[in-house]
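The values are calculated or read from the model by the stated rules, or taken from the named source; none is laboratory data. Model, not experiment: these values are computed from the prediction. Reconstructed Cβ throughout: ideal geometry from the backbone, glycine too, with neighbour counts over all protein chains shown. These area figures cover heavy atoms from the full protein model, side chains too; ligands, DNA and RNA do not enter into them. Shrake-Rupley method; radii C 1.70, N 1.55, O 1.52, S 1.80 Å.
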Amino acid sequence: LAEKSSLMHQVLCETSIAKNARDYLYNRGIEDEDIKAFLLGYAEDINAVSIPYHDQDKVVGIKYRLINPEENQPRYINEFNSKCELYNKNVITSAKELIICEGEFDAIIAQKLTDLPVVSLPGKDSLKEEWLTSLKSVKKIYLCLDKDAQETAKKHALKLGAHKCYLVSMPYKDINEAYLNGFSKEEYSLLLKEAKFLFDDVVISSKSLVK
């Protein structure tokens, strides 16, 4: 997987055949520095942006975003033998505060708007029990899911710990759309400050506030 991911990254960054993929990413607010930082690539055979998933220095999966999917064709497909993981999970290691987004591109955009570490779920309903251990030490979690995913956010908060989960209320469909409409770092910072618990009866212990 690592060799294939590296080759596709090189194709995206250095070849003319990947111009449509670069244009697609630029139109979503993802720039050259983001492409390099997240090692995005281009799979010419299926006309898709490749999104590598890393666990430390190892590529454990590759997801593809088809640029022009056929009718009834999924927009996203996974490379064979890809492991289902949190995207950008390497930032969790020493994080005390964390933002969880719904998709990879949302995570990339959110990371441009904040200094806090950002991860994303491989799918909005995906929150595996095995991931909860790595998230246990995080003291404050901002759930920045799509605007229509409040019920999903509540389900995740119950697993993660309702006392440390805050819902970020997006003024647009998602963080990607907000960014494309001129959303600034200052505005996103304000949204994080205004984020609220997902339940009215959450009790916070003094211990949970220690960073």
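Taking every DSSP helix (H) stretch of at least 4 residues in the chain, weighting each as -39,500 (n - 2.57) and dividing the sum by the residue count yields a mean residue ellipticity at 222 nm of -9500 deg cm²/dmol. Per residue, the average separation of C-alpha pairs within less than 8 Å and at least 6 apart gives segment 95-211 a relative contact order of 28 percent.
Each of residue 189 and residue 92 was given a label point 7 Å from its Cα along the Cα-to-Cβ line. The distance between the two points is 2.8 nm. How far is helix 185-194 tilted off the main Cα axis of the chain, in degrees rounded to 10, range 0 to 90? With both axes taken from Cα atoms, the answer is about 30 degrees.
Pairs exceeding 24 Å between alpha-carbon atoms, taken from 112/155; 155/196; 154/185; 124/159: 112/155; 154/185. Largest GNM mean-square fluctuation among 120, 16, 169, using the chain with Cα springs under 10 Å: 16. Averaging Cα coordinates gives a centre for segment 94-165 and one for segment 1-32; these two points are 26 Å apart.
If you average the sequence gap of Cα pairs under 8 Å that are 6 or more apart and divide by the length of segment 62-116, what percent do you get for the contact order? Reported as a whole number, the value is 23 percent.
Under the criterion of Cα pairs below 8 Å and six or more residues apart, the relative contact order for the chain equals 15 percent.
For residue 4, the lysines whose Cα comes closer than 26 Å to its Cα, not counting residues fewer than 8 places off in the same chain, are 19, 36, 58, 63, 83, 89.
Cβ neighbours within 10 Å, averaged per peptide: list 41-53, 64-76 in order, most packed at the top.
The packing order, highest mean first, is 41-53, 64-76.
In a fully extended conformation the segment linking residue 125 and residue 47 would gain 25.4 nm over its present Cα-Cα distance, using 0.36 nm per residue.
Just to confirm, what accessible area per residue do you get for the chain at 1.4 Å probe, in whole Å²?
Heavy-atom SASA per residue in the chain reads 54 Å².
Of the beta bridges in the chain, as assigned by DSSP with both residues counted there, near 60 percent are antiparallel.
For the chain, which whole-number percentage of the solvent-accessible area (1.4 Å probe, protein heavy atoms only) is attributable to carbon and sulfur atoms?
49 percent
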